[in-house]
Amino acid sequence: MDDTDLEPRAKGPAALLGRLPTGAKVFLILVGALLPLALIALFTTTQTTRNAGAEARLRLGVAADESSGVVANVLANHVSQLSDALAALETDPQDAPSCTRLAGTYAAQGGSRFVIVDGSGRILCGERFTVAGAAVLNPHQVQATIVGNGLVIRIGGNAGLSAAAFYTPAALAALARPSGFVPDYGAAIVRGHDRLTLRALTNVGPLDRRDTMRSALGIDDLALEMSMPGAPIASPLMIATVLLVLMWLAAAGIGWFVVDILLIRPLRRLRTSVGNYQPGEVIDMRRFGSIPAQEIRELGRTFREISRTVQEHESDLAEGLVRQTRLTREVHHRVKNNLQVISSLINFHARAAKGPEAAEAYASIQRRVDALAVVHRHHYAELEENRGLELRSVIGELASNIRATAPERASGLGITLEIEPFLVNQDVAIAVAFLITEIVELAISCNGNTQIRISVKAAEEPDRALLRVSSPALVGGAELEALVESRYGRVMSGLARQLRTRLHHDPLVGAYEASIAVTGRP
């Protein structure tokens, strides 16, 4: 199981923030902390730009009002003079003073000219110029037309007479120029979709703003359009925006640099060192290098002290284990020697016994002591190798001891073994050894020259094995039942309970079976 499975699972923004790296958390904290300052700077810059824009629009409005007023007055005066001259020439085509006054007025406009013609197209006053697509006007009708190179104003009269005036862009630009010092501006005469540029607004980039204002001139939908550069985006607003972005990037970079140098890198080195720690060694602080954070240095020293304490405990445990191993070996040697002394004493008394029954009783006791000694020797080997007792070796040595200590009347005793390799613990081995000894004793008591087969085979369960002891002497009969009832039955039942199994006797074939627990195979 992963260690993260033991942690409580949070949900929502808190869980998302918890999964972020430390550098990202610091970046978000710094961005949030600097956001009010950035908003204040942006608001101040925007307000300054708005004020500058309002001032520029106010300056444009003053200039547009002045210029449009001048142009409207001049054009209205010229229309009035043209109307007066047209009326005078209608009455007297030879009225030279009216034509002379009109010529003097247009002579001062620098390239502007006029013409008055009768119904047949004969020039009565001025100089001829052509207006493409000119239609016949009604009396006193005023029409303005923007042509490719100027502005034409026509006035209709009686009897087919008409007057027309042509204004060049230079003449109109001179009229539209505001008085005093003004910044760069653009001007144009517009009528519907037609446009006559008087002055172009130069030095305008793609990021520059321009303010435009249009004022009516009062003549046939003519209007004067003026434009001036607005508050430039490239100066305060662009600088403030760039500074804002740079400030956020600098905050992220500084925050990440500080956290990475002071926290993340030392923690990574400390984690690597602790992860490579092997029991028994002491963590060396010199392998961490320079650690600028005092808290991480203290944490490293704490790990070093812990590793030193673990090393001391490991040494104490190793010494204790050595002492315990020596003590265990001494105890096993003493137990083995005591069992050998007991076996020798029993053998000594058996030789001095009076009568065959006493000698056989001593031999029976000695076989049981030998069974216990066999298990003890194998158990001692199991402690040395730490793998379990091999059941085949235990039963094989036990069978050899039984044949060696068999009574004289059992000189024809034979024991056959069919033991699969299994490992068992000490408790099972002792109980199995005693159970086999009791069953073999029971068979010898019924028939000393009988043949006995001992087998251990795998059972259906993976951690169980089937122990089977069979002999013709174990076939059901009165003598067998009497021995079981009086002497062997209670012992064998007790051993079966110790093995946590049921001892089954098949009287027809003469076999005892029991399921025993095993720990594996060698």
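The values are calculated or read from the model by the stated rules, or taken from the named source; none is laboratory data. All values reported here derive from a predicted model rather than from experimental measurement. Here the Cβ positions follow ideal geometry from the backbone for every residue, glycine too, while neighbour counts run over all protein chains shown. Heads up: the accessible areas ignore ligands, DNA and RNA and are worked out on the full protein's heavy atoms, side chains in. Shrake-Rupley method; radii C 1.70, N 1.55, O 1.52, S 1.80 Å.
Quick one: Cα convex hull volume of segment 370-499, Å³ per residue?
104
Tabulate in residue order the Karplus-calculated ³J(HN,Hα) for segment 56-69, using 6.51 cos²θ - 1.76 cosθ + 1.60 with θ = phi - 60°, rounded to whole Hz; enter x for Gly and Pro.
5, 5, 5, 5, 5, x, 5, 5, 5, 5, 5, 5, 5, x
Would you mind telling me the share, in percent, of accessible area of segment 365-522 contributed by carbon and sulfur at probe 1.4 angstrom?
Details: 3700 of 7530 Å².
Here it works out to 49 percent.
Please sort by residue number the GluC sites (Glu not before Pro) in segment 436-512 whose DSSP state is loop and whose Cβ has at most 13 other Cβ atoms within 10 Å. Don't skip to the answer; put the middle values down first.
Values: sites: 438, 441, 460, 479, 481, 485; in loops: 460.
Within segment 436-512, the qualifying GluC sites (Glu not before Pro) (loop, at most 13 other Cβ atoms within 10 Å) are 460.
Taking loop as defined by DSSP and a crowding limit of 14 other beta carbons within 10 Å, which chymotrypsin sites (Phe, Trp or Tyr not before Pro) in segment 100-159 fit?
Counting only loop positions with at most 14 other Cβ atoms within 10 Å, the chymotrypsin sites (Phe, Trp or Tyr not before Pro) in segment 100-159 are 129.
Students often check this: by mean Cβ neighbours within 10 Å, which of 448-459, 117-128 ranks highest, and how do the rest follow?
Sorting 448-459, 117-128 by mean packing, highest first, produces 448-459, 117-128.
When only DSSP loop residues count, what GluC sites (Glu not before Pro) in segment 45-104 have their Cβ near at most 14 other Cβ atoms within 10 Å?
Qualifying residues, ordered by number: none.
Just order 422-433, 403-414 by mean Cβ neighbour count inside 10 Å, highest at the front, would you? Please list the in-between numbers first.
Numbers: 422-433: 21.4, 403-414: 14.6.
Descending mean neighbour count gives 422-433, 403-414.
Once amide H atoms are placed 1.01 Å from N in the peptide plane, what residues at a sequence separation of 5 or more from residue 415, or on another chain, have their amide H within under 5 Å of its amide H?
452
Hey, what did segment 71-226 get for relative contact order, percent, Cα under 8 Å, at least 6 apart?
Value for segment 71-226: 20 percent.
Report residue 91's accessible area, 1.4 Å probe, all protein chains in place, as a number in Å² to the nearest 10.
So the heavy atoms of residue 91 present about 120 Å² to solvent.
For the peptides 163-176, 494-507, what is the packing order when you average, over each peptide's residues, the other Cβ atoms within 10 Å and list the highest mean first?
Descending mean neighbour count gives 163-176, 494-507.
Bin width 10 Å, alpha-carbon pairs only: give the P(r) of segment 74-150 as whole percents, running from 0 to the bin holding the largest distance.
With 10 Å bins starting at 0, P(r) equals 16, 54, 30, 1.
Can you list the residues, at least 5 places off or on another chain, whose amide H is less than 5 Å from the amide H of residue 211, using H built in the peptide plane?
HN-HN under 5 Å from residue 211: 228, 230.
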